[in-house]
Amino acid sequence: MCSGADPALLEQCSGSEQIKQAGIGGTVFFTALMAFISSAYALFTVFDQVWIALFFGLVWGLLIFNLDRFIVSTIRKRDTFGPELLQAIPRLLLAVIIAVVISKPLELKLFEKEIDRVLLESKNAMTLDNREQIALTYTPQIEALEAENANLKAEIATKEAEVNALYSTYIAEAEGREGTLKVGKGPVYKEKREKHDATLAELQALREANNALIAGNRESIALLKNDYEQQVTTTQPVIDGFDGLMARIDALEALPWLPSFFIFLLFLAVETMPIISKLMAPKGEYDIKLERSLSALESFAAQQADQQKQQRTTDAAINDKIYEDLREDEELYRHKRQNAIDVLKFQSDVFYERQKGSV
């Protein structure tokens with residue numbers, strides 16, 4: 001049944017011929033079975049639903065089965081190998097495409113651990129790239145706020161240094177180490193002390209104002225960092241889910257090509273086996289009987305076509321003779337003449353009545 005052989009004709013053949021046809025049918029069946037398994041797994045990696053994968057995998061397997069069965073059953077054994085090969089070339093080219101489709105999903109399963117390792121490396125790299133890309137949005141703002149805080153702190157430090165210098169000046173004046181070199185709190189001391197006190201007040205006001213700005217900037221920096229982490233957390237599931245069919249195929253391409261190539265050759269051999277087995281099989285009893293049956297059918301069809309042609313020729317000749325005889329028949333002439341006269345009279349009467357009605 002799988003080889004597409006005629007059961008009634010095959011029953012008339014020997015047991016060895018039936019075994020040969022069963023072998024050809026077996027290659028067709030197991031090729032379709034491998035196509036079903038491979039496509040079902042590939043679709044399972046896409047939809048992650050067992051029943052959907054089994055349904056469409058079954059449809060694909062039946063498609064391959066029907067295609068192989070049709071081609072194998074239509075390849076007729078001939079006395080020369082050339083016409084058989086020419087008839088099988090389109091199917092052999094299609095076998096290369098089907099072998100790729102069948103082998104890839106199974107390669108994904110066979111090299112699953114290696115593919116997972118490549119995917120893990122890719123996900124880690126994507127995670128780092130993702131964090132860097134998101135940081136491009138927040139880092140400039142954070143750096144600007146941190147630079148502003150640094151400037152505010154620098155202003156406070158500068159003012160503190162100025163206050164400390166004034167403090168040292170008026171203390172040195174009081175001790176007589178600098179300035180007037182007189183010990184005691186004289187007018188110069190009071191002047192320097194007042195200047196120090198005024199600058200100290202400015203320092204306190206500056207410190208309060210700058211610290212408030214620094215605190216606000218720190219809150220803004222904390223909010224930006226929090227938004228950054230939330231953005232990273234939100235986008236991370238997309239990276240974690242990067243293990244679909246196309247991602248796995250890309251990861252497979254990153255592995256050494258030789259094992260995948262040999263697996264492809266294996267499935268190419270399996271896929272072309274129905275055609276090769278049909279081409280390699282010698283012309284047997286079944287092929288001879290089938291050729292004889294087809295020749296008899298062609299002869300019968302040719303005879304029927306010739307008979308129909310002769311019938312049409314004979315019918316045409318008979319019809320020509322009948323009408324030739326009727327052409328000389330007087331009774332038919334008189335009958336058609338009277339009919340023509342009646343039609344002319346009727347048309348004349350109708351025309352007359354219409355003319356009377358229009359007056």
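Can you sort THR234, THR272, THR127 by how many other beta carbons sit within 10 Å, fewest first?
Sorted ascending by nearby Cβ count, the order is THR234, THR127, THR272.
Net charge near ALA35: determine it from the other residues with C-beta under 10 Å of the C-beta of ALA35, scoring Lys and Arg +1 and Asp and Glu -1.
-2
I'd like the per residue volume of the convex hull spanned by the Cα atoms of the range 129-245, given in cubic angstrom.
Spread over its residues, the Cα hull of the range 129-245 gives 99 Å³ apiece.
Anyone know which of LYS153, LYS113, LYS278 comes out most mobile in the 10 Å Cα GNM of the chain?
Ranking LYS153, LYS113, LYS278 by mean-square fluctuation puts LYS153 first.
Compute the signed sum of charges (Lys and Arg +1, Asp and Glu -1) over the other residues within less than 14 Å, Cβ to Cβ, of LEU203.
Summing Lys/Arg as +1 and Asp/Glu as -1 gives -2.
Quick one: LEU54, LEU108, fewest Cβ neighbours within 10 Å first, how do they rank?
LEU54, LEU108
In whole Hz and in residue order, list the ³J(HN,Hα) couplings for the range 3-9 that follow from phi through the Karplus curve 6.51 cos²θ - 1.76 cosθ + 1.60, θ = phi - 60°; x for Gly and Pro.
7, x, 6, 6, x, 5, 6
If Lys and Arg each add +1 and Asp and Glu each add -1, what is the summed charge of the other residues whose beta carbon sits under 10 Å from the beta carbon of LYS159?
Net of charged neighbours comes to -3.
Compute the separation of the alpha-carbon centres of the range 1-35 and the range 179-239 and state it in Å as a whole number.
Rounded to whole Å, the Cα centres lie 93 Å apart.
List the extent of the Cα atoms of the chain along each of their three principal axes, largest first, rounded to whole Å.
The principal-axis extents, from largest down, are 171, 100, 36 Å.
Which residue, HIS196, LEU152, PHE242, has the largest displacement toward the positive end of the dipole of the range 129-245 when charges sit on each Cβ (Lys, Arg +1; Asp, Glu -1)?
HIS196
What full-extension length gain, to one decimal in nm, is calculated for ARG312 and GLN347 as 0.36 nm per residue of separation minus the Cα-Cα distance?
Between ARG312 and GLN347, full extension yields an extra 8.5 nm.
Only helical DSSP H runs with n ≥ 4 go in: add -39500 (n - 2.57) per run for the chain, normalise by residue count and round the 222 nm mean residue ellipticity to 500 deg cm²/dmol.
-31500 deg cm²/dmol
Over the chain, calculate the relative contact order: mean separation of alpha carbon pairs under 8 Å at least 6 apart, over the residue count, as a percent.
So the answer I get is 24 percent.
Can you list the DSSP H helices in the chain whose Cα atoms extend at least 15 Å along the helix axis and whose mean Kyte-Doolittle hydropathy is -0.5 or higher?
15-47, 50-74, 81-110, 112-175, 257-280
Could you list THR27, THR314, THR169 in order of exposure, starting from the residue whose Cβ has the fewest other Cβ atoms within 10 Å?
So the ranking, lowest neighbour count to highest, is THR314, THR169, THR27.
Strictly over 19 Å apart at the Cα level, which of LYS20/LYS289; LYS20/LYS278; LYS159/LYS192; LYS159/LYS195 would you flag in this model?
none
FYI, it's all coordinate maths here, none of it is from the lab. On a predicted model such as this, the values are computed, not experimentally measured, just so you know. Methodologically, a virtual Cβ is constructed for each residue, glycine included, from the backbone with ideal geometry; neighbour enumeration extends over all protein chains shown.
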